């Protein structure tokens with residue numbers, strides 16, 4: 001997921017030094033977030049949820065409710081919805097976890113068998129591979145990896161996942177206070193702006209804040225379209241192969257649609273999850289996996305060429321080259337935390353760079369700032385002798 005800024009004529013982002021500052025600030029923020037991941041990840045998730053929930057509260061305010069009443073009505077409706085959905089989802093997820101645990105040796109056996117057959121085919125085509133005993137060596141390594149994964153890696157993954165549970169409990173708490181007191185946070189930020197830059201910064205802040213709201217509304221619309229399309233396809237596959245039910249299809253589709261907010265990596269993870277569920281739930285998953293991959297690829301094409309232009313439109317996005325480089329740099333600097341947070345942090349740094357560039361490189365505003373500073377110094381000197 002990457003936040004979008006506003007790039008108009010005279011944008012501050014046309015200054016090379018501003019872009020260097022944006023990139024350096026993003027990587028520094030990734031490093032600090034990796035150091036304090038227990039608070040940084042809930043904070044970023046809470047900001048995203050704030051922008052997602054804000055249009056619903058603003059809609060109730062336009063109907064005549066004050067902010068606090070609209071907030072509590074939204075919380076009550078969300079709580080009632082979660083009360084019905086969460087138990088069913090937890091039951092299904094628990095069943096899938098136990099199913100994966102039971103079938104994991106069989107799944108890994110299928111993978112190793114497929115790799116062995118592929119290596120045998122290569123050896124029959126290229127005799128020099130057979131002379132090098134490539135197949136036997138690879139089979140030995142695959143068996144060792146399978147044993148280590150079951151005995152060592154799998155428990156470590158479970159323990160690592162449990163580390164995230166306490167910090168994610170902060171998300172609803174932080175989101176509630178963002179929704180309740182966001183205007184106070186904005187006032188606190190604006191108080192630190194010098195008077196010479198105040199009007200310009202306030203205008204840009206209001207404009208960019210509105211653009212971010214529009215982006216998240218478009219993102220929610222695109223997520224809804226992705227979920228509907230993918231869940232319909234999975235449900236049809238489920239009817240044909242006897243695998244996916246109606247609600248599991250919706251849950252898997254929603255999970256993949258949300259994961260696609262993370263550029264490149266999120267789509268790969270979503271595709272792997274669908275393939276894993278196909279392999280686990282089907283006795284003969286060959287054609288099921290094939291059609292699931294075709295479905296996932298088709299939805300991604302629809303997403304890129306139809307859904308994204310219709311929902312998000314032509315909002316400014318980061319150049320693909322910078323996106324790829326920043327994802328790799330974020331992973332190098334911050335590991336898993338960096339991969340998750342580098343694009344949202346780049347979006348925030350980009351917004352700040354936009355505001356700084358438009359304000360600081362405005363010669364008129366800078367002259368106004370220096371003049372006001374000189375006037376304050378002169379008034380302070382005169383006050384010493386009065």
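Brief remarks follow.
- The set of residues from the range 272-281 being crowded, with 18+ Cβ neighbours inside 10 Å and free of Cβ contacts under 8 Å to residues at least 60 places away in the same chain comprises 274, 278.
- Reported count of residues in the range 216-234, each being buried (at least 18 other Cβ atoms within 10 Å of the Cβ) and free of Cβ contacts under 8 Å to residues at least 24 places away in the same chain, is 1.
- Only one of the numbered conditions (1) loosely packed, with under 14 Cβ neighbours inside 10 Å; (2) in contact with a helix residue (DSSP H, G or I) (Cβ under 8 Å, 6 or more places away or on another chain) is violated by residue 197, and that is (1).
- Members of the range 242-257 that are surrounded by fewer than 18 Cβ atoms within 10 Å (Cβ to Cβ) and either out of contact with any helix residue (DSSP H, G or I) (no Cβ under 8 Å at 6 or more places or on another chain) or over 14 Å from residue 225 (Cα atoms) (or both): 242, 245, 246, 247
- Only listed residue being exposed (fewer than 13 other Cβ atoms within 10 Å of the Cβ), touching a helix residue (DSSP H, G or I) at 6+ places or on another chain (Cβ under 8 Å) and either modelled with pLDDT under 80 or farther than 30 Å from residue 285 by Cβ (or both), chosen from 68, 34: 68
- Boolean, residue 237 is assigned to a helix (DSSP H, G or I), over 27 Å from the mean Cα position of the chain (by Cα) and exposed (fewer than 14 other Cβ atoms within 10 Å of the Cβ): no
- Among the residues examined, residue 56 qualifies as under 20 Å from residue 215 (Cβ atoms) and without any contact (Cβ under 8 Å) to a residue 40 or more places away in the chain.
- Residue that is farthest from residue 174 (Cα to Cα) [pool: residues in the range 185-194 that are surrounded by 13 or more Cβ atoms within 10 Å (Cβ to Cβ) and free of Cβ contacts under 8 Å to residues at least 60 places away in the same chain]: 193
- Subset of the range 253-299 (residues that are under 16 Å from residue 219 (Cβ atoms) and under 12 Å from the mean Cα position of the chain (by Cα)): 255, 256, 257, 258, 259, 260, 261, 262, 263, 266, 267
The values are calculated or read from the model by the stated rules, or taken from the named source; none is laboratory data. Small disclaimer: the values here were computed from a predicted structure and weren't measured. Backbone-built Cβ (ideal geometry, glycine too); neighbour counts: all protein chains shown.
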